[in-house]
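Here the structure is laid out as structure tokens; the discussion comes afterwards.
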Amino acid sequence: MAEIRIRNTNERIAGDDNVLEFLNKHEVVYEKWDVSKLAPELSENFTLTDEQKQAVLDTFDAEIKDLSARRGYRTWDVITLSEATPDLEAKLAKFEEIHTHTEDEIRAIVSGNGIFIIKSPEHGYFDVELEPGDVISVPENTPHFFTLVDNRKIVAVRLFVETDGWVAHPFADSSFQKA
Ligand SMILES: [Fe+2]
């Protein structure tokens, strides 16, 4: 289960009901996939081949179709990030810029960890600390960014309505302080 940290106060929110209530209040979709369904060679593997990425998508075919039927996604893929990723530092630097999109940004964490940092009108920025099985969707036009944690590795399924709906629009925010 994801955990939340409110950056301005360092308050932590944990426990299924509390996390869900907080995220739902911010219109952030949060669901779970059963990652125990993954074949052993697909779990905690951060250097997936193209065939293995397809096998990940096949494993979660029902979940992807269900989400897409409810939320209109039309394409999906698998992204991997780890020390084996060429230009990891440059990619992370790009991900860590605050931005918005014209469609929601949905990710299902397959392996590893990551943090979505999302702006709340009420609380300022909050971290959503993600683990395998977490499915999260940042609402459209909501300032956010993404980063890794100390283990610096993640595999996630991304779903899109329109590929160009995911273009990042920079969001300059003088109120944001990196923590
Ligand atoms: Fe984004």
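Points worth noting:
- Just one of the numbered conditions (1) at negative phi; (2) touching a residue at least 12 places away in the same chain (Cβ under 8 Å) is not true of Asn24: (2).
- Unique match (being in contact with a strand residue (DSSP E or B) (Cβ under 9 Å, 6 or more places away or on another chain) and at pLDDT below 95) among Ser120, Ser137, Ser175: Ser175
- Among the residues making up region 11-42, a single one is of a type in the set (Ser, Thr, Tyr) and buried (at least 16 other Cβ atoms within 10 Å of the Cβ): Tyr30.
- For region 146-179, filtering for residues that are among the charged types (D, E, K, R) and in contact with a Ser or Thr (Cβ under 7 Å, 6 or more places away or on another chain) leaves 2.
- Of all the criteria given as (1) modelled with pLDDT of 95 or more; (2) polar (S, T, N, Q); (3) farther than 20 Å from Val56 by Cβ, the one not satisfied by Thr80 is (3).
- Any hit, region 134-145, residues being under 25 Å from Arg71 (Cα atoms), more than 14 Å from the ligand (Cβ to nearest atom) and under 14 Å from the mean Cα position of the chain (by Cα): yes
- Boolean, Val78 is closer than 24 Å to Arg12 by Cα, in contact (Cβ under 8 Å) with a residue 60 or more places away in the chain and either part of a strand (DSSP E or B) or touching a Gly at 6+ places or on another chain (Cβ under 8 Å) (or both): no
- Qualifying position, being surrounded by 13 or more Cβ atoms within 10 Å (Cβ to Cβ), touching a residue at least 60 places away in the same chain (Cβ under 8 Å) and more than 16 Å from the ligand (Cβ to nearest atom), among Glu131, Glu162, Glu105: Glu131
The values are calculated or read from the model by the stated rules, or taken from the named source; none is laboratory data. What you are looking at is a predicted structure, and each value in this text was computed from that prediction instead of being measured. Methodologically, a virtual Cβ is constructed for each residue, glycine included, from the backbone with ideal geometry; neighbour enumeration extends over all protein chains shown.
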